[in-house]
Amino acid sequence: MTGHGRGLLMTANFTATYLFWKWLHIVAVIAWMAGILYLYRLLIYHSERGQAEPSTHQLLSLMEMRLYRYITVPAMLVAVSAGLTMVAIAPGLARTGWFGTKFALVMFLILVTLYAGKLHRDGATDPGKLPASRTLRILNEVPTFLMLLIVGLVVFKPF
Ligand code: HEM
């Protein structure tokens, strides 16, 4: 890129610093989504098999705990922090319609993530406390749906 071209792009949203946070944001979002989608799947297996098979119950409790505590929650914290850092660098973002809507949907996604943690803790204590697998299958679609909407908002920026 020519010096002139680079100069044109050097608005707040294209500085190397801003792009660094965006890079981190996207990578963390990928890990968060992988974690939350897989966690609900594990909870479905747990609900279906946990009571009848004590060894499966133990294994799934351990897998859920590691996935939640060491991948999903840290990735969520990094994604949110990197996102807010971009807003701090380019405050105009906070006044756009798409961002406000995205932010509200992200709040739901955070709740859905924390709720998976609560379900995991309930299931680890007693697999009989887990909701029926059918309910979990429906619940499992919520983060998928939110992800489709959120990514749609940041990519298309419709308003
Ligand atoms: C509080 C949480 C979040 C905040 C504050 C936030 C903020 C931001 C900001 C400021 C950008 C840069 C937009 C631009 O430069 O045009 C961005 C990009 C992006 N965000 Fe988020 N975000 C959050 C959560 C999420 C979540 C949960 C997802 C996905 C499920 C997500 C997906 C993306 C994607 C894919 C981009 C890249 C879009 C592009 O470069 O065109 N974000 N986010």
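Scoring residue 82 on the criteria (1) over 20 Å from residue 14 (Cα atoms); (2) touching a residue at least 40 places away in the same chain (Cβ under 8 Å) leaves a single failure, condition (1).
Taken over the stretch 53-90, the criterion of being near the ligand (Cβ under 10 Å from one of its atoms) and farther than 22 Å from residue 142 by Cβ is satisfied by 81, 82, 84, 85, 86, 87, 88, 89, 90.
Checking the condition aliphatic (A, V, I, L, M) and under 22 Å from residue 38 (Cβ atoms), which residue from 124, 94, 104, 90 passes?
Result: 124 is the single residue among 124, 94, 104, 90 that is aliphatic (A, V, I, L, M) and under 22 Å from residue 38 (Cβ atoms).
For the stretch 111-123, the tally of residues that are touching a helix residue (DSSP H, G or I) at 6+ places or on another chain (Cβ under 7 Å) and within 16 Å of the ligand (Cβ to nearest atom) stands at 3.
One residue is enough: does the stretch 52-72 have a residue meeting the conditions at pLDDT 95 or above and not in a helix (DSSP H, G or I)?
yes
In the stretch 139-159, the residue that is nearest to the ligand (Cβ to nearest atom) out of those that are without any contact (Cβ under 8 Å) to a residue 60 or more places away in the chain and closer than 14 Å to residue 39 by Cα is 142. Residue 126 satisfies every condition listed in (1) more than 16 Å from the ligand (Cβ to nearest atom); (2) touching a residue at least 40 places away in the same chain (Cβ under 8 Å); (3) charged (D, E, K, R) except (2).
Within the stretch 51-80, the set of residues being more than 13 Å from residue 113 (Cα to Cα) and not hydrophobic (A, V, I, L, M, F, W, C) comprises 51, 53, 54, 55, 56, 57, 58, 61, 66, 70.
In this entry, residue 39 passes the filter for residues that are part of a helix (DSSP H, G or I), within 16 Å of the ligand (Cβ to nearest atom) and crowded, with 19+ Cβ neighbours inside 10 Å. Selection of the stretch 39-78 for residues being under 21 Å from the mean Cα position of the chain (by Cα), of a type in the set (S, T, N, Q) and farther than 30 Å from residue 20 by Cβ yields only 61. Of 101, 135, all but one fail to be part of a helix (DSSP H, G or I) and farther than 18 Å from residue 25 by Cβ; the exception is 135.
Looking at residue 7, is it more than 16 Å from the ligand (Cβ to nearest atom) and either modelled with pLDDT under 95 or not in a helix (DSSP H, G or I) (or both)? Yes: the conditions hold for residue 7. Does residue 93 count as surrounded by fewer than 15 Cβ atoms within 10 Å (Cβ to Cβ), aliphatic (A, V, I, L, M) and assigned to a helix (DSSP H, G or I)? For residue 93, the condition - surrounded by fewer than 15 Cβ atoms within 10 Å (Cβ to Cβ), aliphatic (A, V, I, L, M) and assigned to a helix (DSSP H, G or I) - is not met. Within the stretch 115-144, the set of residues being among the hydrophobic types (A, V, I, L, M, F, W, C) and surrounded by 14 or more Cβ atoms within 10 Å (Cβ to Cβ) comprises 116, 119, 124, 130, 136, 139, 142.
The values are calculated or read from the model by the stated rules, or taken from the named source; none is laboratory data. These numbers were taken from a predicted model, which means no experiment stands behind them. Quick reminder, even Gly has a Cβ in these numbers, built from the backbone with ideal geometry, and neighbours come from all protein chains shown.
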